[in-house]
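Please treat every number below as a calculation from the coordinates, not as lab data. Computed from a prediction, not measured in an experiment: that's the story for all the values here. With ideal geometry, Cβ positions are generated from the backbone for all residues, glycine too; neighbour counts draw on all protein chains shown.
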Amino acid sequence: MSLLTRVKRLVGIDTRQQKYSYAQDPVYGKVATARLADTWVKTTCGYCSVGCGMLIGVKDGKAVAARGNPDHPVNRGKLCPKGLSEHHILDGPGRARQPLLRKNGVLVPVSWDEALDTMVENITGIQARHGLGSLGVVGTGQLLTEEYYTLGKLVQLGFRTPHNDGNTTLCMASAVSGYKLSFGSDGPPGSYADMASADVVLLIGSNIADNHPILCTRVGEGPGKRPGRTLIVVDPRVTKTAMMADIHLAIKPRGDIALINGIAHILIRDGLTDPAYIAAHTNQYEAFAAYVAAFTPEHVAGITGLPPDRIEQVAHLYGRAKAGFIGWTMGVNHSSQGAVTVAAINNLALITGHIGRAGAAPFSITGQCNAMGTRESGFTSALPGYRKFDNPQHREELAQLWGIDAEEIPKARGMAYPDMIEGAVAGNIKALWFIATNPVVSFPNYNLLKQALESVEFLVVQDGFHPTPTSDFAHLVLPAAIWGEKEGTYTNSERRISKVNRIVTPPGEARPDFDIFLALAARLGVKEKLYPGWTTTADAYAEWQRVSAGRLCDYSPHSWADIEAQNGIQWGGERLYADGHFPTPDGRALLHNVPCEPFTEQPNDEFNFILNTGRTVEHWHTRTKTAQVDMLNGMVPNAWLEMNPVDAERLKLRSHDKVTIVSRRDKVTDVELRITSIVAPGQVFMPFHFAETNSNRVTLGAFDPISREPNFKQCAVCVQKSSAH
Amino acid sequence: MNLPLHERAVEGTSPELVRLTGLSLGESGIVFPEVVSSLLPERRPGPGEQYRFHFDMTKCIGCRSCEVACNEQNNNPADILWRRIGELEAGSYPETQRHYLSMGCNHCLDADCLKGCPVDAYTKDPVTGIVLHSADACIGCSYCVWNCPYSVPQFNPERGVVGKCDMCKGRLDEGLEPACVHSCPEGAIEIELVNMAGWRADYALADSPGMPAAEQTVSTTRITLPKVAAPGTESRGLQRIDLGQLQREHAHIPLVYMTALMQAVAGALWVLLAWHALDALRLAGLLAITALALTLSTLHLGRPAYAYRALKMWRRSWLSREVLLFTLFFGALSAATVVTAARQYGFALPGWLPIALHLTAAFLGILGTLASAAIYLVPARPAWNTPYTPADFVLTAAFLGSLLAAAFADLLPALTTIFPLPALLTPLTSAFAAPTHAFALSLVCAAAWLVNQALRAWRLHRSTVFESRAAWSLLSGSALLPFTAGSVVLLLITLVCAATLHPLLALAAGFAAVLLSRYLFFVTVVPLSMALTFVRSRPAAGAHA
């Protein structure tokens, strides 16, 4: 800035009129000149799984504005605050710009060639010494479907380790497992349209107002409200979503299985089931009916803390609904009983026939923008196209599609994410490769994770941002392109395949993950074998279409062009299982007897609070992205702990006190205390977004035996006033 | 006319319902028209009407899209939010109620921002009723920031001017929704027409928990409250959750100095007049201090180059009046100095002229001090809006004035020893020792000043108004206690120095005591504001001079 400008600003002759001027956008109308774009790129939001269609304005090669796509069926032009400011993350100051290799303890910039050569050399060296399975790879629901598919091949057929999983195991693995338990396959049967057209919507452990705000238009009081629709929210906390509800069931933590079984009990007792549907499409009904007989309203009331008449009322509402919709999110999934809870929810839908019809579905509202795409195309808990590792026919199909020997395909699932971490501590995993995920903040029981990260011989962190708390541990940091810098598809919660487009070029030397995978394959000498003739993600999509053809998640009819033109296409149509035929051996869904067990770590005299964790609307996951957006960061710059006034009075704590949360594992210090009746006495809540006050220092390393998902939602803690510094 | 809403919508003749989209409900075959009532009025405001916001608290889910959309629309820095969200809470678990406020500008019928503005930067648009602010006209004095009961106008340090919500007038003029209205996923914000006379007669629907009373400025925003908060229902009133941590306001350091210096000069002029000690050199001294103080005052402005514009609205704004009176004071004092000097050089001038000029200056000084105090009598800042404020300013004038007048006796010989006066200027001095009752005067003034401060603090402490009690909390809180105690200690030192005939030291200590107290005056005021959220960025205290 010239001295003259400086003086003119100081005395107020220059008030930056240009920066604060307005101009005419041909479509949107008057807007700040700074938001005026030359071109608009149609794409899909890269934050959550709602999958909002958006338009990103570009001027002089920079993304300058974000708008909801008014023609998109998911969001009809609306966006949440994260989407509205998403363009700001692209040139955020925290972007990773060059490969970094740790030399003499310090990360120093290196060329891509040196970085990738070193990576292949170190990993293959470790595998030569400790076995192929000594490499563990953790991908993410932030990658494109095309990239995730490419990665799976690279890991399992290139590096030849079976241990490939995603951070989605921290998120929706229980939904996957639960769907498989009941229906024989993953795949959310419903769609958002069902949410809007159901006459009873039951949300269990799902705070959509904070986490999926745009879905609220379908169940809130807004313009989309259907007369006569009842919204029931089951949550131990008075969330923003609970405030939208007609009925809020303020349940005791982990009372959900008892509640669901109790509703089944009432439905069966009062004849509100659909016997024809049960007879035609389910197995094990008799055993199920006998099992839930014990879940009388009084019994359930004891476990859940809910009045028996409220439970009866909700059961009758759901049972008598023309179309009943059950949605759930992390309150169900983030549990060591998550998978069976999902099965219990599916039970309700099956015995009432609230599935496969307009407005009727048991529906997992998932987490990340492409959690679904990675579920379908991944080599994690299943082979691509919802195929099973242990099914020889499935392996043979894939071997033929790929032109390889079926013996090369693993016959069993490799280690799940938590098992890789434990494996690293135990010494079985010697190299770890994290892609676009930040386990230091997101993985439970930080101390064990830290031990794992420090135990491995080689740790690669591939991310769009650096430094992150995880890249601080890395031996090698690979700078990756992020949303807005690459082209492909995401699939949202309702199975809608959406096109994601390149808006700008990645900063510095950052490269799309897809390019990194291909470059590694070339170094491993498997590029032509695994990716014959591939140059872009379009080639990966073409193969994925062939691989998914004829499967439940069939992408083969949907070209990129069609997907883009139609603002996304739902594979499987608007809903699955309309014919009542399920992908099980006999075509019938299974009813499961789901026991209700107390959560693992119960409070006692010393650790006398149940800590619940969750999110806030302004932030995304571990804030690697949203901390780049000053506006979002300014709105919520730090974590807080919610505590009921009754407890605060007992502990002589005051609002805004800095408190320390202590569990058997570690403690979190200096968290701002909010005294509020949002939480029940004996419970406290804190958001998990903040590395500085990381809730996962105290959370519990307990995992669902089926889905391997961590039990983030309940652990025993005590709370003290932080000592002054 | 009494057709069900949806049928009316299908007919498409109803003025409230303009947009329809067919939404198929799939296999059930029902086609259920999704009705979206327009979020804009169908026509422009007629005579006697204006636009207003309607906020529906029952629809808002607290997603904060409106805040981000507003900032994106106006390219504002991240820490300046023209639209803000507040959270309210009522009841006990599990019957807890949480609700949200989303508010831009209320485009009041009696806008205090507009009335106080010294440069006429605000206009109430004659057609739309939108309270518009002109960044070009604004000089960045922040007086509107003090005046608005909702803390709507915000000073933008990057620009040196204030900015505020203009209801996206540029968009409304084209028939488009403001950014907040456009962005709200729940349709909780809309623009309506309001008949101004009717609203003035009954604006009960503008009041809401978490909002300062609408009566002060007749806010036009209509707020639809949930049952729990609606007037006349169960009194589990929604409470603000943002008040647990008080924040210091801007210190306005240039104003701390300017007010103290101007008051010292105004007081000293009277004292010297009474002592018949107004020689040209003393007048020149007072003139120099006045020039310094007035120069300092421009540093308070975001745009010091346009300080002169502050004279413009003297018919309406106390800030303009203060500037006008102090400017006239400066003129009178200059004239008095020149004329007195001329007389001392032996020019034959009528004897009444210096006296008349001295008296004119003295009265203008007191009027300026009172106008200065009137600036702070704003209902939006209850801790200022008390009789103790003008009393403080006048008593400060007396206290510092007596000290300054007494100090001149020592100050001039001291200065002339260090810097010998050129022969040309020696006629300007006159030998004068402070009268023996000077100490008694200082003692009385200091006592009165201290009593006024103590009474103010006591009344703040006992006030029924939250913002006044909050000011007391800040004043007596551990963070500011050193300042409060320091001010009192310095006052005692002043008296000791005055008693032991060290007038220069007494003046220094007294001035420091006043500066500390004036600093506290600025930083401890707690403005009225709409409710905000619990966790939020808090700008560092005194971020804006």
Exercise for review: Under 12 Å from the Cβ of A:LYS625, count the other residues' Cβ atoms, weight Lys and Arg +1, Asp and Glu -1, and hand me the total.
Suggested key: 0
Practice item. Normalise the Debye intensity by I(0) for chain B, one equal point scatterer per Cα, no solvent, then take log10 at q = 0.11 Å⁻¹ and round to two decimals. Key: -1.00
Practice item. Run down the aspartates and glutamates and flag those whose C-alpha is under 17 Å from the C-alpha of A:LYS527, throwing out any fewer than 8 positions away in its chain. Key: A:ASP113, A:ASP117, A:GLU121, A:GLU146, A:GLU147, A:ASP405, A:GLU408, A:ASP513, A:ASP515, A:ASP539, A:GLU543
Check your understanding: Within segment A:1-89, what is the number of lysine pairs with alpha carbons under 21 Å apart, leaving out pairs fewer than eight places apart on the same chain?
Key -> 14
Revision key, fill the gap. Of all DSSP beta bridges having both residues in the protein assembly as shown, the percent classed as antiparallel (nearest 5) is 60 percent
Check your understanding: What FRET efficiency would be calculated for the residue pair B:VAL338, B:LEU424, taking the C-beta separation as r and a Förster radius of 22 Å, to the nearest 0.05?
Key -> 0.90
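Have a look at the DSSP beta bridges in chain B and tell me what percent are antiparallel, nearest 5.
So the antiparallel bridges amount to about 90 percent of the total.
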**Study point:** Shielding by other protein chains, A:74-84, mean Cβ within 10 Å
**Key:** 5
Point to revise | For segment A:694-705, 3J(HN,Hα) per residue [Karplus equation, 6.51 cos²θ - 1.76 cosθ + 1.60, θ = phi - 60°, Hz, x = Gly/Pro] | key: 7, 4, 7, 6, 10, 5, 9, x, 10, 10, 5, x
Point to revise | Fewest-first ranking of B:LEU450, B:LEU357, B:LEU311, A:LEU203, using other Cβ atoms within 10 Å as the exposure measure | key: B:LEU311, B:LEU450, B:LEU357, A:LEU203
Review point. How much length is gained on full extension from A:LEU132 to A:LEU3, taking 0.36 nm per residue of separation minus their Cα-Cα distance?
Key: 40.1 nm
Check your understanding: So what is the diffusion coefficient of chain A in µm² per second by Stokes-Einstein at 37 °C and 0.692 mPa s, using a Kirkwood Rh over Cα pairs?
Key -> 125 µm²/s
Exercise for review: In whole angstrom, note down how far apart the Cα centers of segment B:474-502 and segment A:579-613 are.
Suggested key: 67 Å
Practice item. Round to the nearest 0.05 the FRET efficiency obtained for A:ALA23 and B:GLU42 when R0 = 25 Å and r is the Cβ-Cβ distance. Key: 0.35
**Study point:** B:ALA448 versus A:ALA280: modelled label distance in nm, points set 7 Å from Cα along the beta carbon direction
**Key:** 9.7 nm
Review point. What nm distance separates the two modelled labels at B:THR295 and A:ASP554, each placed 7 Å from Cα along Cα→Cβ?
Key: 8.5 nm
Review point. Between B:ALA414 and A:ASP60, how many nm apart are label points set 7 Å from Cα along the C-beta direction?
Key: 5.8 nm
**Study point:** Per-residue average of Cβ from other chains inside 10 Å of A:7-18
**Key:** 5
Study note, to complete from the structure: Using alpha carbon centers only, segment A:207-286 is separated from segment B:338-394 by a whole-angstrom value of 73 Å
Check your understanding: Between A:ALA549 and residues 5 or more places away or on another chain, which pairs have amide H atoms under 5 Å apart, with H built 1.01 Å from N, and which residues are they?
Key -> A:TYR555, A:SER556
Study note, to complete from the structure: The relative contact order of chain B, taking Cα pairs under 8 Å that sit 6 or more residues apart, comes to a percentage of 18 percent
**Study point:** Nearest-0.05 FRET efficiency for B:ALA348 and A:SER723, computed from C-beta distance (R0 60 Å)
**Key:** 0.15
Check your understanding: If amide H atoms are built 1.01 Å from N in the plane of the peptide, which residues on other chains or at least 5 residues away come under 5 Å of the amide H of B:MET167?
Key -> B:CYS105
Revision key, fill the gap. Karplus-derived 3J(HN,Hα) from phi for segment A:9-17 (6.51 cos²θ - 1.76 cosθ + 1.60, θ = phi - 60°), whole Hz, x at Gly and Pro, runs 6, 4, 8, x, 6, 9, 10, 6, 4
Review point. Order of A:PHE514, A:PHE690 from fewest to most other C-beta atoms within 10 Å?
Key: A:PHE690, A:PHE514
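Return A:ASP539, A:ASP586, B:ASP56 ranked ascending by Cβ neighbour count within 10 Å, so the fewest neighbours appear first.
A:ASP586, A:ASP539, B:ASP56
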Study note, to complete from the structure: Check: C-alpha center segment A:544-574 vs C-alpha center segment B:48-94, spacing in Å is 39 Å
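Percent antiparallel among DSSP beta bridges with both residues in segment A:173-364, to the nearest 5?
Just about 5 percent of them are antiparallel.
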Review point. In segment B:42-240, what is the count of Lys pairs whose alpha carbons are under 29 Å apart, counting only pairs at least 8 residues apart or on separate chains?
Key: 8
Check your understanding: Near the amide H of A:LEU591, under 5 Å away, which other amide H atoms are found, from residues 5 or more places off or on another chain, if H is placed in the peptide plane?
Key -> A:ASN283
Study note, to complete from the structure: HN-Hα couplings for segment B:390-402 via Karplus (6.51, -1.76, 1.60; θ = phi - 60°), in whole Hz with x for Gly/Pro, come out as x, 4, 4, 5, 5, 5, 4, 4, 5, 5, 5, x, 5
